[in-house]
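Structure, as structure tokens:
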Amino acid sequence: MLDGILLEKAGVPSASIVTDVFEITGRAMAEQWGVPYYKFLAMPHPIANLTEAQLDQRAREIASEVAKLLLQGQE
């Protein structure tokens, strides 16, 4: 989250992704860094125990949303 926030503040499009259990934490971090409406994506938790194939599937499922966020930016 912080990397994405700092990149966006520097004018570099980014797409931050957290797992769903960290959505509230992500929102709090955005508020703390002065961007309360910062857009980020969430995917199901957990990911640490997934196989490479399962991670690839998750990435495919969220890829269009990542592209959309990168192209739209933080308007």
* Listed residues T19, M29, P46: farthest to the positive end of the dipole of the chain (Cβ charges) -> M29
* Asked: Which of the following values of Rg/Rh (Cα atoms, Kirkwood Rh) was calculated from the structure shown: (1) 1.03; (2) 1.49; (3) 0.99?
  -> (3)
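Rule-based calculations on the coordinates, nothing more; no lab input. Nothing here was measured: the structure is a model prediction, and the numbers come from that model. Don't worry about glycine lacking a Cβ; one is built from the backbone with ideal geometry, like all the others, and counts go over all protein chains shown.
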